[in-house]
Amino acid sequence: MELTGRKLFKIAQWIFAAAVLFFAARALATQWTTVEPRLSHIQIHWEWITLATSFVLLSYLLLIEGWRRILGAWDSHLPFSHAARIWFLSNLGKYVPGNIWSLTAMGVMARERGMSGLAAAGSSVIMQMVSLATGTAIVMVTGAKLLGQPLLVGASVLLLLAILLSAPRFLPPLAQWIGGLIGKDIAPPEVPATSIWTAAIASTLSWLFYGIAFQLFVGGVLGVSSGEISSYIAVYTAAYILGFISPIAPAGLGVREVTLAAFMTQLGLANEADAALVAIAARLWLTIVELVPSGLYVATRTRRKPLQN
């Protein structure tokens with residue numbers, strides 16, 4: 001049987017994911033042996049973790065609103081509460097290997113609301129690309145000390161800003177191309193420039209709030225969060241992006257933790273044991289923060305019922 005390009009791409013994803021998960025699991029196992037002796041000396045400061053959680057939830061609200069703005073380009077409009085439900089529940093798909101399940105779930109729930117599933121998936125792809133671009137720019141700026149190349153950082157940021165300004169022209173066809181790779185026939189309309197830029201502002205603010213939340217969380221776990229806020233923003237954003245672009249690792253599992261611990265150590269934010277502890281604890285914390293709203297939506301069963309004739 002002749003393999004199509006799409007099938008070959010999926011096979012390559014699985015092979016790469018297997019390798020990523022293997023090395024990530026081995027690295028996490030090594031980290032755990034470092035963390036275990038440290039656990040007896042930990043005293044959790046819940047007030048800092050609560051404040052950190054509020055910043056994460058605020059980031060979620062910004063991302064949902066950014067997605068809603070792009071969704072409007074398909075002449076599809078959702079109340080914020082309905083958009084939040086679709087966004088949280090579809091995000092559960094990222095815990096399954098493969099980067100297509102969130103988009104698939106989003107399309108199904110959108111159709112239940114009488115919307116186009118392609119509109120929901122296409123707008124989500126564009127929002128993700130905007131978030132990756134703004135996140136990369138933020139890493140360049142906040143991680144300039146780590147990179148050690150100020151001129152290169154400045155040129156890269158200007159390039160990314162130019163890409164965002166021209167995004168309304170190239171993002172729709174790019175989303176269509178990505179849709180073909182993941183098996184979704186996405187044919188987006190012309191997206192208004194204001195929608196893209198609003199989404200860019202929302203995603204930029206969300207990355208900054210994530211970084212602030214991460215610093216607060218570190219203080220809540222270790223009792224102190226030494227270092228500049230820019231370093232925490234750079235570390236968290238870089239780790240999240242690297243985990244996100246891992247093709248099949250569920251929710252960046254392993255990749256994000258290893259990166260987080262390595263960058264914290266390199267920037268002097270924590271020693272090796274503390275960095276490993278924070279990386280593992282942050283995974284547990286963020287998973288709970290994301291799953292609780294999703295669980296509440298499932299429990300309350302707010303799905304709109306079909307109209308009866």
Select from region 227-237 the residues that are surrounded by fewer than 22 Cβ atoms within 10 Å (Cβ to Cβ) and assigned to a helix (DSSP H, G or I) and write down the one among them that is modelled with the lowest pLDDT. Ser230
Among the residues of region 236-247, are any more than 20 Å from Ser90 (Cα to Cα), in contact (Cβ under 8 Å) with a residue 60 or more places away in the chain and among the hydrophobic types (A, V, I, L, M, F, W, C)? yes
Unmet criterion (only one of (1) closer than 24 Å to Trp87 by Cβ; (2) surrounded by fewer than 16 Cβ atoms within 10 Å (Cβ to Cβ); (3) modelled with pLDDT of 90 or more) for Leu205: (2)
Gly117 fails exactly one of (1) of a type outside the set (D, E, K, R); (2) modelled with pLDDT under 80; (3) under 14 Å from the mean Cα position of the chain (by Cα), namely (3)
Name the one entry in Val224, Val255 that is at pLDDT 85 or above, among the aliphatic types (A, V, I, L, M) and farther than 23 Å from Ser123 by Cα. Val224
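The values are calculated or read from the model by the stated rules, or taken from the named source; none is laboratory data. Values in this document were obtained by computation on a predicted structure and should not be read as measured data. Note: ideal-geometry Cβ built from the backbone for every residue, glycine included; neighbour counts use all protein chains shown.
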